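Okay, so here's the structure we're looking at.
The values are calculated or read from the model by the stated rules, or taken from the named source; none is laboratory data. Everything numeric here is computed off the predicted structure, so don't read it as measured data. We place every Cβ from the backbone using ideal geometry, glycine too, and count neighbours over all the protein chains shown. Please note that ligands, DNA and RNA were not included when accessible areas were found on the heavy atoms of the full protein model with its side chains. Shrake-Rupley method; radii C 1.70, N 1.55, O 1.52, S 1.80 Å.
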Amino acid sequence: MSKILLMYDVWLLLQDKLFFIYVSKNEEWKKRYQEDWGYVSSMVRFFQWWIKREFKEDLSVEVDILPVIPGRLFDRINLAYLLRDHRERGFSIFHFYLTYFGPLWSDCRMDVYHGENFGLAAWLRPKVFSSDFKNEKFFADNNCAKISHIICHEIIRRKMKKRKVYFDQVHKIWDLHTKDDVPFLYYNKQFNRVSQNGEYKYVTIDASKLEY
């Protein structure tokens, strides 16, 4: 009986679903939908493919936009608010929030946060929107790579690895990219690898270097 309960507990922590939630202030969501949504929705499809390719995990992936009305002092839209939203939506689903703010605290060295079945990354936008290529390059460089970072934390954690593996290993590879000039990986709109000088649309860490 205890073995059955243990298996049930593991199932409760894991569902084969990744749900991206784009968080926007209520008065801005229509503008952001017009300017960002095409890239966000295509990026979600890319990461579904990337997770299957790199980790052999076939997750269903969804995306939605969450317009919020910032509240008073004790009901502001912050990390605690989204963690509560995550629990209410279903703790066993991997929810990834793309937010207009960064967490006040994080173990990571960026404006991101990772917890069990939970990811948060501050979504950065160009000050001036220009050509589709330049906009996509900005999103890829400033958002896509760090999102891949958090996804790696969670996918490896889900393989029942210890924190030293799913956390430290990812940061080790991130430091290779950001401090030792090891290039990120670049992909075009067809999900084919291209060079940094090519017309890329997505950027990720090199997951092949992870040891777990």
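Taken over the range 196-205, the residue count meeting the criterion of being open to solvent by 20 Å² or more (accessible area, probe 1.4 Å) and at pLDDT 95 or above is 1.
Is at least one residue of the range 159-177 of a type in the set (Ser, Thr, Tyr), open to solvent by 10 Å² or more (accessible area, probe 1.4 Å) and free of Cβ contacts under 8 Å to residues at least 40 places away in the same chain? Checked the range 159-177: no residue is of a type in the set (Ser, Thr, Tyr), open to solvent by 10 Å² or more (accessible area, probe 1.4 Å) and free of Cβ contacts under 8 Å to residues at least 40 places away in the same chain.
Looking at HIS86, HIS95 in this structure, which one is of a type outside the set (A, V, I, L, M), buried (at least 19 other Cβ atoms within 10 Å of the Cβ), within 15 Å of the chain's Cα centre (by Cα) and in a helix (DSSP H, G or I)? Sole residue among the options that is of a type outside the set (A, V, I, L, M), buried (at least 19 other Cβ atoms within 10 Å of the Cβ), within 15 Å of the chain's Cα centre (by Cα) and in a helix (DSSP H, G or I): HIS86. Looking only at the range 9-29, decide whether some residue is at pLDDT 90 or above and assigned to a helix (DSSP H, G or I). Yes - at least one qualifying residue is present in the range 9-29. Does ASP181 fit the bill of being open to solvent by 30 Å² or more (accessible area, probe 1.4 Å) and touching a strand residue (DSSP E or B) at 6+ places or on another chain (Cβ under 6 Å)? No, not satisfied.
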